[in-house]
């Protein structure tokens, strides 16, 4: 029922359907999460979530429940419903899951590892960026959102137990890799590719949205570059497995570095990981990433990028 009902509508309407699905299901998943938490936290749960005490482990647990539900219900579910409504009946909605050579998946892991100095350099460059004076109120809003995001991330990563580590790997590495790549590459980038008839433009636009939607101004540039890389991995291979693996690897590294730092096994935490590298290290990272992208392109391309 309703399979492919909107497959013949124009691209603007398809984009509107996707946006409407994301916002409505994000709201629904948040409300659903609050209802689930009421028996455990009482009617004051809304206050705990709006003005959270980041030192309270029970509050952080509640926030993690909301986060997981938002990822699954607010990102993955809208993408699946969109594909059901907007994919022609005679076309498989599983085309994003095309099999990929295991070697290519391994190279995508190596790509992200060697890209860490480059990502760190992009973070440093981003820190010097400023909006025009007439947009100072926007910049201030983004800085406040950035600080709030840092507090939440720090609270989520604040664990030294094996169970806490496993939960963080699932919530911060596994779930975002699948949900965000499915939405931003599997749906949004493909929509813009069909609309503009240019995969390059589709990668660019979807990467901008991917970076902006995180509402972290000082992380915009590195996220944009990561989005570009994962977009090309998707179009070159014709499969989501490469960008999912790359996304997972990047987030997994942050989770593990922070966990080791909090266990006292390293002096570098997730926030400073990849920063303050020597110029030669950043240069090697840029050259290596360029070569690796070219090599992955050669071994995975299913059709020329137009």
Scan (1) surrounded by fewer than 17 Cβ atoms within 10 Å (Cβ to Cβ); (2) within 24 Å of the chain's Cα centre (by Cα); (3) without any contact (Cβ under 8 Å) to a residue 60 or more places away in the chain; (4) farther than 12 Å from residue 116 by Cβ for the single condition residue 261 breaks and write down its number. (1)
Is there a residue being under 15 Å from residue 114 (Cα atoms) and either in contact with a strand residue (DSSP E or B) (Cβ under 9 Å, 6 or more places away or on another chain) or surrounded by 22 or more Cβ atoms within 10 Å (Cβ to Cβ) (or both) anywhere in the range 273-283? yes
Taking only the range 269-292 into account, find how many residues are in contact with a helix residue (DSSP H, G or I) (Cβ under 7 Å, 6 or more places away or on another chain) and either more than 21 Å from residue 152 (Cβ to Cβ) or in a helix (DSSP H, G or I) (or both). 8
Looking at this structure, is residue 195 surrounded by fewer than 19 Cβ atoms within 10 Å (Cβ to Cβ), in the same structural domain as residue 149 (by TED's automatic domain parsing) and outside any strand (DSSP E or B)? yes
Check 140, 124 and return the single one that is in the same structural domain as residue 259 (by TED's automatic domain parsing), touching a residue at least 60 places away in the same chain (Cβ under 8 Å), in a helix (DSSP H, G or I) and on the phi < 0 side of the Ramachandran plot. 124
Does the range 48-63 hold any residues that are assigned to a helix (DSSP H, G or I) and surrounded by fewer than 16 Cβ atoms within 10 Å (Cβ to Cβ), and which are they? 50, 57, 58, 61
For residues in the range 198-218 being within 13 Å of the chain's Cα centre (by Cα) and surrounded by 19 or more Cβ atoms within 10 Å (Cβ to Cβ), which is modelled with the lowest pLDDT? 216
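The values are calculated or read from the model by the stated rules, or taken from the named source; none is laboratory data. Note that the structure is a prediction, hence the values are computed from the model and not measured. All Cβ positions, glycine included, derive from the backbone under ideal geometry; neighbour counts span all protein chains shown.
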